[in-house]
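First the structure, in the form of structure tokens, and then the observations on it.
Read the figures in this text as sums done on the coordinates, not as results from a lab. As the structure is a prediction and not an experimental result, all values here were calculated from the model. When we count neighbours, we look across all protein chains shown, and the Cβ atoms used for this are built from the backbone with ideal geometry, even at glycine.
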Amino acid sequence: MNYLIYRRGLILALIISVTIANAQYKRSNLSFEIGINTVDVRVYTQDVKTLLADYFGSTEWMGNTAFYPSRFAVQKYLGNKITLQLAASINTIKTNVSIKDSDFRYYSLDLIVKKDLTRFFSDKKWFDPYLLGGIGTQTIDTASDAVFIGGFGFNIWVGEQYGVNFQTSYKHGFNTYGRDVFQHSISFVYDFSFFSQDRRKRVWNACF
């Protein structure tokens, strides 16, 4: 049942993505991401040292990383250094509380707002950092939960339209029975600004 709900949500997200891309292709500031993700189920402790060790530790990464296209996102720049993103991801969790203690499917669908921090790095045009916050839904095995999302990330642009995105976020569940997680991802970014009206005119004039 949870898989069916997630599948429908993913299909809806893809439909919205395609609709936005077709409706907005004459404008710039629209981009698409596809990549991999890892899910680190949080250790519940009040000890800051243990919590930081859990966040930066890589013990769970091999079992909880989907090494295939497992994260998809479409985003639109709204102006004033604000970007709206819709992201969907899938994964398998092999480590929940202890190493290899589970074999759970993970699904998430997130609506995220990004705040651009490039003004602090104005001399590095290839580096595009940001803070993020939002809401979403996630399912671990059979337990579904709405979540608050907070985190940060950055793009490294290797061309005018192409780049690599690195993002890390913390997802805090609304329900007491849910599990909080850290989610990290690496994605390929494609900027649809190539299809902007001005650029299409320049290409047309250059060719003819």
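Table for the structure above
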read-out: Placed amide H near Ile93: partners under 5 Å, 5+ positions off or other chain; value: Phe104, Arg105, Tyr106
read-out: Contour minus Cα-Cα distance for Asn175 and Tyr190 (0.36 nm per residue); value: 1.8 nm
read-out: Under 5 Å, built H, 5+ apart or other chain: amide partners of Leu117; value: Tyr130, Leu131
read-out: Local electrostatic count, Asn37, Cβ distance below 15 Å [Lys/Arg +1, Asp/Glu -1]; value: 0
read-out: Pair Trp126, Tyr162: separation of 7 Å Cα→Cβ label points (nm); value: 1.4
read-out: Projected area, mean over directions - segment 98-170, Cα convex hull, nm²; value: 6.8
read-out: Fully extended contour minus Cα-Cα distance, from Phe67 to Asn29, at 0.36 nm per residue; value: 10.8 nm
